Amino acid sequence: MDDILLMLPGPTTVDPRVLAAMSKAVVNHRGAKYGEILTETTELMSKVFQTPNKSYLLTGSGTAAMEAAVANTVAPGEKMLNVVGGKFGERFMKIANTHGIESKELAVEWGTAVTPKQIEEALDADEDIKAVSVIHNETSTGVAAPIEEIGKVMRNYDALYIVDTVSSLGGDHVDVEKFGIDVCVTGSQKCLAAPPGMAAITLSDAAWDAVDKIETNTYYLDMKAARKSGDKNPPETPYTPSVSLTYAMNEALKIVMEEGLENRVARHHKAAKASVEAVKALGLELFADEAVSSATVTAVKMPEGVTDAEFRGTTRDKYGVELAGGQDHLKGNVFRIGHMGCISYKELVQTFAAIGMTLKGLGAIEDAGAGVASITESYL
């Protein structure tokens with residue numbers, strides 16, 4: 001099991017330093033020691049979000065932060081515009097519906113990105129929209145949305161700008177303050193390369209104004225409670241946090257800052273470009289429009305005559321590389337390569353060697369080494 005290389009859109013391989021941090025003794029989560037660790041971790045989190053606003057840790061997956069973002073800022077009966085171009089945009093819409101919010105779907109074809117113009121037209125058509133949700137990096141399709149450009153449009157409207165950066169923060173350009181994002185959420189197990197189970201959220205002053213004006217309709221994810229506990233001395237979380245995951249997040253964020261955000265983003269973009277070129281070198285077809293392809297995951301159409309089970313089963317069981325399959329109607333039709341977190345040319349060489357040998361063995365391609373050769377050229 002330890003020999004399996006995870007090339008998924010999360011969870012990702014965790015640095016030994018992060019794993020070692022988790023082995024430290026658990027401390028009282030209501031004591032001063034944990035308060036110090038929590039303070040340092042949330043301050044680091046805000047630096048990675050690139051915002052002066054305070055960040056909050058939530059013990060739960062990225063979906064918990066998504067729900068906190070919606071449930072605390074939009075009241076039941078109010079309108080919310082949800083951009084849906086994949087499974088996670090769909091999830092934002094389902095969360096809104098669960099909380100009695102009138103969700104308006106802005107559907108875009110899977111494999112393409114929403115445009116700022118589409119957002120603008122939707123807001124012009126309905127001035128009662130209170131918030132807009134956008135998935136920055138839609139891992140189900142390998143598409144990145146233009147969140148900076150959308151932010152410029154959002155400045156002309158009163159609606160809150162809610163962005164999911166679960167699979168992009170630390171791997172692509174995310175500047176909460178510069179992009180005008182009101183609520184930004186992320187998760188631990190993607191580009192930040194920490195273990196699964198922790199999420200983070202940050203809110204602007206406008207978002208907090210919205211929080212204070214609506215009656216809380218969530219208990220565990222109540223941001224008023226998070227703010228109240230976070231303002232204590234020492235700061236706390238309202239309910240029992242995962243102390244060990246806080247240690248992990250703290251160490252993972254330190255590694256991010258040591259590498260440098262710009263350097264880390266550049267590394268992810270290089271891996272993405274190398275992956276795209278290697279896919280093409282093997283004669284395979286990308287699923288997403290290359291102009292909007294993700295910096296952290298590449299979606300590839302399954303070759304004709306090859307089944308998902310035999311392809312991904314072989315890369316995993318014979319060659320030790322775990323790839324992701326398609327979701328929803330893409331199940332069996334695409335496979336996805338996650339190149340996020342602690343990824344360099346070494347992991348990509350192993351990955352494309354496995355892909356090439358598998359497809360050669362299945363009779364789908366002639367040159368098993370074309371992908372590896374392309375990776376080599378990309379990193380020379």
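Nothing in this text is a laboratory measurement; each read-out follows from the coordinates by a stated rule. Since the model is a prediction, treat every value here as computed from it, not as a measurement. Every residue, glycine as well, gets a Cβ built from its backbone with ideal geometry; the counts of neighbours run over all protein chains shown.
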* Structure fact -> Expected output for the stretch 88-106 (first residue over 13 Å from residue 134 (Cβ atoms), partner part of a loop (DSSP other than H, G, I, E, B) and small (Gly, Ala, Ser), Cβ below 8 Å, 6+ apart or cross-chain) is 100/77; 101/75; 101/77; 102/77
* Per-region count, the stretch 65-92, residues surrounded by fewer than 22 Cβ atoms within 10 Å (Cβ to Cβ) and among the small types (Gly, Ala, Ser) -> 2
* **Matching residues, the stretch 34-57, being part of a helix (DSSP H, G or I) and within 15 Å of residue 232 (Cβ to Cβ)** => 34, 35, 36, 37, 38, 39, 42
* To do: Would you be able to say whether some residue in the stretch 22-45 is within 30 Å of residue 299 (Cα to Cα), touching a residue at least 40 places away in the same chain (Cβ under 8 Å) and not acidic (Asp, Glu)?
  => yes
* Asked: Mind checking whether some residue in the stretch 298-309 is in a helix (DSSP H, G or I), free of Cβ contacts under 8 Å to residues at least 40 places away in the same chain and either among the hydrophobic types (A, V, I, L, M, F, W, C) or within 29 Å of residue 109 (Cα to Cα) (or both)?
  -> yes
* To do: State the number of residues belonging to the stretch 112-130 that are in a loop (DSSP other than H, G, I, E, B), out of contact with any Asp or Glu (no Cβ under 6 Å at 6 or more places or on another chain) and not hydrophobic (A, V, I, L, M, F, W, C).
  => 4
* Among the listed residues 360, 318, 301, which satisfies the condition of being within 24 Å of residue 168 (Cα to Cα) and of a type in the set (Lys, Arg)? -> 301
* Asked: All but one of (1) in a helix (DSSP H, G or I); (2) farther than 15 Å from residue 79 by Cβ hold for residue 140; which doesn't?
  -> (1)
* Residue list for the stretch 100-115, restricted to those being of a type outside the set (A, V, I, L, M, F, W, C), more than 22 Å from residue 294 (Cβ to Cβ) and crowded, with 20+ Cβ neighbours inside 10 Å -> 103
* Asked: List pairs: first in the stretch 46-71 and on the phi > 0 side of the Ramachandran plot, second of a type in the set (Gly, Ala, Ser) and assigned to a helix (DSSP H, G or I), Cβ under 7 Å, 6+ apart or cross-chain?
  -> none
* Checklist (1) part of a helix (DSSP H, G or I); (2) among the β-branched types (Val, Ile, Thr); (3) touching a residue at least 60 places away in the same chain (Cβ under 8 Å) applied to residue 343, failing item -> (1)
* To do: May I ask you to list the residues in the stretch 237-284 that are of a type outside the set (Phe, Trp, Tyr) and not in a helix (DSSP H, G or I)?
  => 237, 238, 240, 241, 242, 260, 282, 283, 284
